[in-house]
Structures are given as C-alpha cells and as structure tokens.
Amino acid sequence: MLLAFLSLRIAAAIGQRKKPAYEQGMQALALYLHWPFCLSKCPYCDFNSHVRARIPEARFVAALRRELAFEAARLGRRRVTSVFFGGGTPSLMQPESVAALLADAARLFDLAADAEITLEANPTSIEAGRFRGYREAGVNRVSIGVQSFDDAALRFLGREHSAAQARAAIELARQIFPRLSFDLIYALPEQTLPQWQAELDTALGLTADHLSLYQLTIEQETKFATLHGRGDFALPDADTAAAMYEATAEAAARHGLAQYEISNYARPGAESRHNLAYWRYLDYAGIGPGAHGRLSFGDALIATSRHRAPEIWADMVEETGSGSTLEAAISPQDRAREALLMGLRLSEGILYARFAERCGMRLADAVDGEVLQQALAEDYLRETETHLIATEEGRKRLDALLPELAR
Ligand code: SF4
C-alpha cells in the first residue's frame, strides 16, 4: 500500500518535472545487478551473500529479469553507461543467464555502445572456465576476487581457490577481456610490511589496469568478529597498517597506477566508471536482493532498496514485480551528507557544480564553515576553483572529519 502510494507520488513528480541540466541528454544511469549466492561464506565478509546446497539459478535469473523490467518501466529508456554484476559471486551464473540479463538491459534502456560491463568473478577453475562465455555475452571487464597470492593467507581468509588458480585466472582473463581488475586484502594477522610489498610487486607485475587493495577490517556479525573478539588472532598495529597503506600507493604509482579512490588504483582512463557513479553521487539503479539505488525523478532524488533475504525478495518479485522495501525521497541535507561521504573518498574530490545540482544547495551551505576552515588550515582539505578535495592526510581521517564537517 505504502509502495503504491509512493509510486503514485513519484509518477506525479515525473509528470510535473522540468528537466534539470543533468537530464538534458546527459543524465546517465549506472545499473547494478546483485547475485546473492556464494560457494561458501568467507569469514571476513559482511556482504549480502548466501550459501545454498543448490543454487536456484533459473528462478533467480527470472526474478532479476522481472525486477529489471519493473524498474525500466518507470525509469524510461535512460542511457545506461555501465552495468555491474556484483554479489555474492556472479561468476556462479551460467553465461547464458548473463547474456539474457544484458539483452534485457539493451532492450529496456539506451545501453551505450561503449558501456562498461563488469562481472565479479572468483578464480576457481569452474568459474574461470566460463570467462569466454561471459565475454561472448557482452562482459568487457572482469573483477577477480584474488585476495592474496599466498596459500596460507587464502586458507585464513576462507577462500575456495589457491594462489596458482588466482594466477591462472588472471592470465586467462587478460587474454579474454579488454579490461581487468583484481582485489587483494592486506594487513592480515602477522603480515609484515616486506611481505606485503613482495605481494604487491607480484600483483603489479601481472599488469591489471585496475586494482582494488583493501585493508582487512573486522566487520560486525562475521565469523572474524567472533574469532577476533575472543583473541584467536590480532591485526597488525595501526603504525604497521598505515605503513602498508602508504607503501601501497607508492608501489602502485611506480607501476603507473594512480590512487583515484581510497582503496582503488588505475591506469589513466581505466578507473571503474561504474563505481565512479557511486562516488560522484550520480544516478544508479540496484536490482536484486539487498541492492540499493539512487534515482532522480525531476527535482526529487529517491533512495531505493530491496529485501535482503534472497527467497523473500524472489517471492516479492514474483508477486508484485519488485522486491522493494524502501522508496523514499532524500532531503537536500541528507543528499549533501551522502555526496560528501562518497565524494571525499575520491582523489579528484567533489565538483562544486555537480554537488549543487544533485543536492539542491551549494557545498558552502552544506558544511560547517568553522570546521571547513580548520580542516583547510590543517591541510586535511584543499579547495580549487572547481573542487573540494581531501588531501592524503585528510582521506586517512575521513571517518572523524565527516560527521563534524557535514551540517
Ligand atoms: S566470495 Fe565474496 S561475496 Fe562471497 S562470501 Fe566471499 S567475500 Fe563474500
């Protein structure tokens, strides 16, 4: 009932809208599709991922296709510049399922000829065996969950693959996909700085055009939270972790990969266009269990989210066309907070003009003036004519800085 009411309100907003500048042929949409299943649950992972004895692929692909059509019906033929299959482990999907979803995206939206189409993959041999099929389906970028090139570390992280399989998957992906990224996790228990530097050298020698390098953090309600809480392992101290972070940026820079976001490194032009849409606070549609969206309808910006439990989500889609649990207009203040939170993660910072257009207020009016001046004086933030940028020191302190900065 609530959803029907909100849908009417949104439909009314669409009917009344005057087109803002960013919609006059420019407003693009990033499309996210969530595959919620994994072979096993990694002990550090707090993503919406689930293990099932048998993955009900046909049912979930049908539900994703139905929810995609549902969302397209109200969005219209918006230009889609990126599609991202995330998870969970989308490389557990058959290539035919990926092909069907991409065909739907091309039919329902104005899918750009040069759209970035990414699929997250794990490097087990079964999944790597599907790479050619994904390429034929239209995937042009693969993001591989390598996590480590050390077998003992992979066992600690609960991964299903070996270091040799990770190297083989990267090698194969390089032959098949125009673009390749992989993830590593560092600051593992007892890992030393020289060990991490050696692993980085391996990674950077494998010539991916993009790397995501994450520090291990203990997330609530994970197996690691329990093990860490009872003292089964300890993480490196803060100084060691900070040294690893700094060494990461330096080594990446030596190999021509710039740090364009706190944990992401790319050759010029190889940045993840899809993830940039999140960090630049642009429109994105989230399809599938637990997926979130930010969608503009005229001057309104709507937050969407879907039910997290896969089977309940699928039941809802089968009944109503959507597993939506939230459709709420975001106030200008909340937009400003979100745009600051995302944008200051980027090395490029926040473009004032885009901020004003997306948030309905100037950046200068969205922040506490005194905190801003102090952060500028302490060199945590810097201003250019067009951007507000967090410095390297500032990016390390964003968690503390942001609640103070945003009004
Ligand atoms: S494979 Fe990825 S999504 Fe699945 S449990 Fe492991 S880290 Fe989480």
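The values are calculated or read from the model by the stated rules, or taken from the named source; none is laboratory data. These numbers were taken from a predicted model, which means no experiment stands behind them. Cβ: placed from backbone, ideal geometry, glycine included. Neighbour counts: every protein chain shown. Keep in mind that these areas ignore ligands, DNA and RNA; they rest on the heavy atoms of the full protein, side chains included. Shrake-Rupley method; radii C 1.70, N 1.55, O 1.52, S 1.80 Å.
For the reader, a short list of remarks on this structure follows.
- Peptides 84-91, 262-269, 166-173 ranked from most to least packed give 84-91, 166-173, 262-269, packing being the mean of other C-beta atoms within 10 angstrom over each peptide's residues.
- When you filter the GluC sites (Glu not before Pro) in the stretch 235-282 for DSSP loop state and at most 15 other Cβ atoms inside 10 Å of their Cβ, nothing is left.
- Packing around the peptides 112-122, 51-61, 358-368, taken as the average count of other Cβ atoms within 10 Å per residue, puts them in this order, highest first: 112-122, 358-368, 51-61.
- Solvent-accessible area assigned to carbon and sulfur over the chain amounts to 53 percent, based on a 1.4 Å probe.
- Inter-label distance for T217 and S263, nm, one decimal - labels placed 7 Å from Cα along Cα-to-Cβ: 0.7
- Residue-wise HN-Hα couplings along the stretch 46-51, as the Karplus relation 6.51 cos²θ - 1.76 cosθ + 1.60 with θ = phi - 60° gives them from phi, are 10, 6, 7, 10, 9, 9 Hz; Gly and Pro carry x.
- With the convex hull of the Cα atoms taken as the outline of the chain, the averaged projected area works out to 20.0 nm².
- Solvent-accessible area per residue for the stretch 116-156 (1.4 angstrom probe, square angstrom): 35
- Close amide-amide hydrogen proximity is noted between Q147 and D183, L184, I185, each under 5 Å apart and 5 or more residues distant or on a separate chain (H modeled in the peptide plane; Pro and chain starts excluded).
- The chain - charge dipole about Cα centre, Lys and Arg +1 at Cβ, Asp and Glu -1, debye rounded to 20: 1480
- Free-standing Cys residues across the chain, given no other cysteine C-beta under 4.7 angstrom: C38, C359
- Per-residue [θ]222 nm for the chain (sum of -39500 (n - 2.57) over DSSP H runs n ≥ 4, rounded to 500): -13000 deg cm²/dmol
- Selection from S97, A112, V83 lying farthest towards where the dipole of the stretch 75-146 points positive, charges on Cβ: A112
- Positive-end extreme of charge dipole, the stretch 224-357 - chosen from G256, L326, G286 (charges on Cβ): G256
- Under-5 Å amide H pairs with D110, H placed in peptide plane, nonlocal only: R78, R79, V80
- The HN-Hα couplings worked out from phi for the stretch 319-334 by the Karplus form 6.51 cos²θ - 1.76 cosθ + 1.60 (θ = phi - 60°) are 7, 10, x, 8, x, 5, 10, 8, 9, 9, 5, 9, 5, x, 5, 5 Hz, whole numbers, x standing for Gly and Pro.
- Across the stretch 83-93, coupling constants 3J(HN,Hα) worked out from phi with the 6.51/-1.76/1.60 Karplus curve, θ = phi - 60°, read 10, 10, 8, x, x, x, 10, x, 6, 7, 7 Hz, and Gly and Pro carry x.
- About the Cα centre, charge dipole magnitude for the stretch 130-243 (Lys/Arg +1, Asp/Glu -1 at Cβ), debye: 640
- The modelled label-to-label distance between D368 and E246, using points 7 Å beyond Cα along the C-beta direction, is 2.9 nm.
- Amide hydrogen proximity for Y260: with H placed 1.01 Å from N in the peptide plane, the residues at 5 or more positions away or on another chain lying under 5 Å are Y265, A266.
- Projecting the Cα positions of H387, T240, L402 onto the charge dipole of the chain (unit charges on Cβ atoms of Lys, Arg, Asp and Glu, taken about the Cα centre) puts H387 furthest along the positive direction.
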